[in-house]
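Notes follow once the structure below has been shown.
The values are calculated or read from the model by the stated rules, or taken from the named source; none is laboratory data. Just so it is clear, the structure is predicted and the values come from calculations on it, not from any experiment. Positions of Cβ are generated from backbone atoms using ideal geometry, with glycine treated the same way; all protein chains shown enter the neighbour counts.
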Amino acid sequence: MGRNEQGPIFSSDTGAGADLLLLPAQLSQADKIIINEIKQDLNLILHPFAVATLFSSAIGAATNAEAVQYGRSYLTNSLDEPIGVDFFNIVDNGLYMTQNGIAGMGTREFDGEGIPQSKTRLISQGVLKSFLHDTYTAGKAGCESTGNAIRPGYQSPPIISVTNLEVVGGSGDLESLVSELDKGILIYYTADRPNLATGDFSGSISNGFKIEKGSISYPLKKAMLGINMLNFFKQINAIGADHRQIFNMITPTLGVSDVKIAGAN
């Protein structure tokens, strides 16, 4: 993220993306506004960075078959059940390659147990279709390993982890989604994670902005959002086509309706 006298710019020069969404010139870091007037349900737009942070836990950790089999995931009883809108699709793609032929961070030929890598449909048209397995959890479930055994080191036993978690499809980008929103919140980053057992998410908006009449109006301070992830998935109203590879997450801009937002006095 670069800065100049006009306030923060999110520039493609840093890899943060070609959003180039400028704040009003009169605003600076010191001008962050406490949103004590916002205590209501609002539409959200999440930058790919925010989606990657949230989904690494809400999808990646929650579909870990070990957590599921021990009853530690809010998705434990949701296999083959609709958990999101019908245009919500997520795969774990151990063979992911960019359009330029560059392999994803989790792309490899075999997993830590020698299972060939593949593409696993986790959520298809809003329906939870699979969990992430190694050979042990697959044996307990009576299915085949999905090739998600990862060894943190040569002397380490394998653990289950995502390869390249990819939100599939979509149209538009961050700028177009912002321009279509009359009133809402843009979230660039939240450092918080949902409760893995219940799916409840109460998190601070570490870097966010108020949207008014299709434009960014001012940055936010001391703002929080609250929602259960099963409601979050069902309230998705837009998925962008502006996918970013953020570590082993490939995520676009996301729009979500009617999320509880609160500020502090």
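Confirm whether residue 166 is in contact (Cβ under 8 Å) with a residue 40 or more places away in the chain, among the charged types (D, E, K, R) and crowded, with 22+ Cβ neighbours inside 10 Å. So residue 166 fits the description; yes.
Conditions (1) under 21 Å from residue 225 (Cα atoms); (2) of a type in the set (Val, Ile, Thr); (3) touching a residue at least 40 places away in the same chain (Cβ under 8 Å), marked per residue:
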residue	(1), (2), (3)
58	yes, no, yes
65	no, no, yes
75	no, no, yes
79	no, no, yes
83	yes, yes, yes
92	no, no, yes
99	no, no, no
108	no, no, yes
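Quick grid of which residues meet (1) out of contact with any His (no Cβ under 6 Å at 6 or more places or on another chain); (2) part of a loop (DSSP other than H, G, I, E, B):
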| site | (1), (2) |
| --- | --- |
| 157 | yes, yes |
| 162 | yes, yes |
| 177 | yes, no |
| 184 | yes, no |
| 188 | no, no |
| 195 | yes, yes |
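Within the stretch 51-74, restricting attention to residues that are small (Gly, Ala, Ser) and within 21 Å of residue 203 (Cα to Cα), the residue that is surrounded by the most Cβ atoms within 10 Å (Cβ to Cβ) is 62. Could you tell me whether any residue of the stretch 81-100 is in contact with a Leu (Cβ under 7 Å, 6 or more places away or on another chain), modelled with pLDDT of 95 or more and either in a helix (DSSP H, G or I) or over 20 Å from residue 51 (Cβ atoms) (or both)? Looking for residues that are in contact with a Leu (Cβ under 7 Å, 6 or more places away or on another chain), modelled with pLDDT of 95 or more and either in a helix (DSSP H, G or I) or over 20 Å from residue 51 (Cβ atoms) (or both), one finds at least one in the stretch 81-100, hence yes. In the stretch 129-146 there is no residue matching the filter, namely being among the β-branched types (Val, Ile, Thr), under 30 Å from residue 214 (Cβ atoms) and touching a residue at least 24 places away in the same chain (Cβ under 8 Å). When only residues in the stretch 248-265 that are touching a helix residue (DSSP H, G or I) at 6+ places or on another chain (Cβ under 7 Å) and not in a strand (DSSP E or B) count, which is farthest from residue 174 (Cα to Cα)? Taking the candidates together, the pick is 252.
On inspection, residue 257 qualifies as surrounded by fewer than 18 Cβ atoms within 10 Å (Cβ to Cβ) and closer than 15 Å to residue 85 by Cβ. Here residue 17 fulfils each of the conditions (1) in contact with a Phe, Trp or Tyr (Cβ under 7 Å, 6 or more places away or on another chain); (2) closer than 18 Å to residue 240 by Cα; (3) modelled with pLDDT of 95 or more; (4) not aliphatic (A, V, I, L, M) apart from (3). Considered as a group, the residues in the stretch 75-107 that are among the polar types (S, T, N, Q) and surrounded by fewer than 16 Cβ atoms within 10 Å (Cβ to Cβ) include one that is farthest from residue 118 (Cα to Cα), and that residue is 77.
Of everything in the stretch 212-229 that is over 20 Å from the mean Cα position of the chain (by Cα) and at negative phi, the residue that is surrounded by the most Cβ atoms within 10 Å (Cβ to Cβ) is 219.
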